[in-house]
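The values are calculated or read from the model by the stated rules, or taken from the named source; none is laboratory data. The structure presented is a predicted model; accordingly, all values stated were derived computationally and were not measured. All Cβ positions, glycine included, derive from the backbone under ideal geometry; neighbour counts span all protein chains shown. The protein model used for the area step is the full one, side chains on, heavy atoms only, and it has no ligands, DNA or RNA in it. Shrake-Rupley method; radii C 1.70, N 1.55, O 1.52, S 1.80 Å.
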Amino acid sequence: MPDTDTRDSEQGLRTPIVAVLGHVDHGKTSLLDKIRGSTVIEGEAGAITQHIGATAIPLDVVSKVAGSLIDPSDFDLPGLLFIDTPGHHSFTTLRSRGGALADIAILVVDVNDGFQPQTLEAISILKQSQTPFVVAANKIDTIPGWKPNEDAPVQQTKEAQSDRANSKLDEELYEIIGELSDEGFSADMYWRVQDFRGNIGVVPVSAETGEGIPDLLTVLMGLAQRYMKEDMAIDVTGPGAGTVLEVKEEKGFGTTLDVVLYDGTIREDETIVVGGLDEPIVTDVRAILKPRPLAEIRTEDRFEKVEEIAAASGVKIAAPDLGKAMAGAPVRVVRDRDIEEVIAEVRAELSEIEVQTQEQGVVVKADTLGSLEAIANAMDEAEIPIMRAEVGDVAPRDISVASTANEDKHKTILAFNVDVLADAERKVEETDVKVFESGVIYRLIEEYEEYVEELERAQQ
Ligand code: GDP
């Protein structure tokens with residue numbers, strides 16, 4: 001049986017893809033959990049479809065959670081597909097066909113903490129990719145004097161707002177609005193959102209109590225409906241196109257790809273082209289895997305095989321020769337097209353993400369192509385030259401490359417969200433190469449700059 005989870009054959013519109021981003025500890029994970037939790041409560045069993053790396057919430061469930069705020073007949077979208085971000089926001093930098101993989105985003109900001117370096121990083125990524133977003137001003141339950149209100153959505157009307165007046169919350173919200181305006185946005189405390197460059201909706205929420213989540217979902221649906229990209233209309237039965245979220249070893253399947261499929265379908269046994277470290281990889285799909293429903297999971301059998309899956313979905317693809325596949329790279333189903341054309345398409349998409357390198361500079365390693373691009377942009381701003389930039393763990397070869405640099409300050413590796421392999425670590429000890437590791441771009445750059453200052457002081 002074909003899998004038709006999120007397919008809307010009548011409209012041919014795919015489920016909008018939503019990314020959640022923001023500073024560490026501001027509540028991204030909690031908010032996603034709460035959104036999932038409230039929809040599980042509201043939805044009938046099985047209404048929420050578990051995906052690989054993503055969660056799909058169908059329109060009827062979104063509208064149940066949003067209550068009176070949403071009239072499902074106003075929307076022709078099938079629902080929302082949330083990318084499950086594992087702790088950091090680099091996944092929001094993932095691309096599809098030259099644009100952002102995410103159609104819309106939630107920027108989570110702790111109301112007490114305001115904008116922090118990763119909030120600014122996130123905003124610069126959103127600006128660059130022109131992704132419409134809503135600000136979730138989170139943790140309102142921690143505001144002194146805040147009274148939870150189970151009956152009314154937080155910001156449904158101005159009247160409701162004045163009923164719930166809380167000067168401390170207002171103060172914090174205005175601060176966020178001020179910070180958005182410093183970034184060139186004008187923001188609105190009400191949930192009506194007019195234009196992603198003009199008015200940004202700031203929705204007060206609590207990932208702890210669930211307050212404001214109906215409002216947040218309403219704004220998201222509004223944004224999705226308003227800013228549906230042209231490619232939201234999908235060729236429901238066409239050859240699949242997707243982006244690799246992660247390259248993972250899976251017991252019994254070898255190297256597999258976790259993929260967000262944003263267009264068309266993918267079937268078992270089909271030939272696919274995947275962006276690889278050196279060259280595009282051409283291989284045949286051995287299995288398409290979905291996670292089994294939670295109740296059915298046995299440790300050795302977490303996946304269900306399906307013959308076909310349609311966009312937008314998060315799936316796992318098992319196929320031979322995926323060792324050099326890159327997270328963030330495109331995946332294309334060949335089907336009845338010319339294979340050389342598809343390879344050229346994948347190459348073209350990869351070349352857009354390629355980082356400018358120079359003769360002399362540091363080595364950068366990152367977990368995905370998207371994060372590599374984000375780091376490269378930040379390094380460009382900080383005027384730090386890059387000699388080599390690649391996706392993947394720090395390997396002995398990287399140490400060799402870094403050690404060839406002319407200047408000490410360039411005998412350096414900046415490792416973003418990747419491991420340093422054991423034999424690379426041994427090699428570091430034998431050389432004068434320095435490795436900086438972090439999951440936060442600005443921290444990597446800060447540490448590097450401090451190191452360079454230290455070197456310069458030592459040389460004086
Ligand atoms: P992430 O790093 O952005 O994914 O943040 P987490 O979701 O891990 O949250 C960081 C911490 O803040 C955790 O201890 C959460 O329990 C807490 N937290 C998140 N959202 C809220 C909220 O709305 N209210 C309160 N009181 N705590 C929250």
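When residues in region 73-120 are screened for being modelled with pLDDT under 90, closer than 23 Å to GLY27 by Cα and assigned to a loop (DSSP other than H, G, I, E, B), 10 of them pass. Can you name every residue in region 419-451 that is among the basic types (Lys, Arg), closer than 15 Å to VAL364 by Cα and open to solvent by 90 Å² or more (accessible area, probe 1.4 Å)? ARG443, the sole residue that qualifies. A single entry from PRO385, PRO396, PRO330 fulfils the requirement of being within 30 Å of ASP284 (Cβ to Cβ) and either under 19 Å from the mean Cα position of the chain (by Cα) or in contact (Cβ under 8 Å) with a residue 12 or more places away in the chain (or both): PRO330. Residues in region 387-401 that are buried (at least 24 other Cβ atoms within 10 Å of the Cβ) and part of a helix (DSSP H, G or I): ASP398, ILE399. Can you tell me which residue is surrounded by the fewest Cβ atoms within 10 Å (Cβ to Cβ) among those in region 58-82 that are among the β-branched types (Val, Ile, Thr) and touching a residue at least 60 places away in the same chain (Cβ under 8 Å)? Out of the qualifying residues, it is ILE70.
Can you find even one residue in region 144-167 that is modelled with pLDDT of 85 or more and either within 16 Å of the ligand (Cβ to nearest atom) or open to solvent by less than 10 Å² (accessible area, probe 1.4 Å) (or both)? The answer is no, given that none of the residues of region 144-167 is modelled with pLDDT of 85 or more and either within 16 Å of the ligand (Cβ to nearest atom) or open to solvent by less than 10 Å² (accessible area, probe 1.4 Å) (or both).
When ASP25 is tested against (1) farther than 23 Å from THR119 by Cβ; (2) at pLDDT 65 or above; (3) open to solvent by 10 Å² or more (accessible area, probe 1.4 Å); (4) not in a helix (DSSP H, G or I), exactly one condition is not met: (1). In region 20-32, the residues that are of a type in the set (A, V, I, L, M) reach residues that are assigned to a helix (DSSP H, G or I) and near the ligand (Cβ under 6 Å from one of its atoms) with C-beta atoms within less than 9 angstrom, at least six apart or across chains, in these pairs: VAL20/LYS28; VAL20/THR29; LEU21/LYS28.
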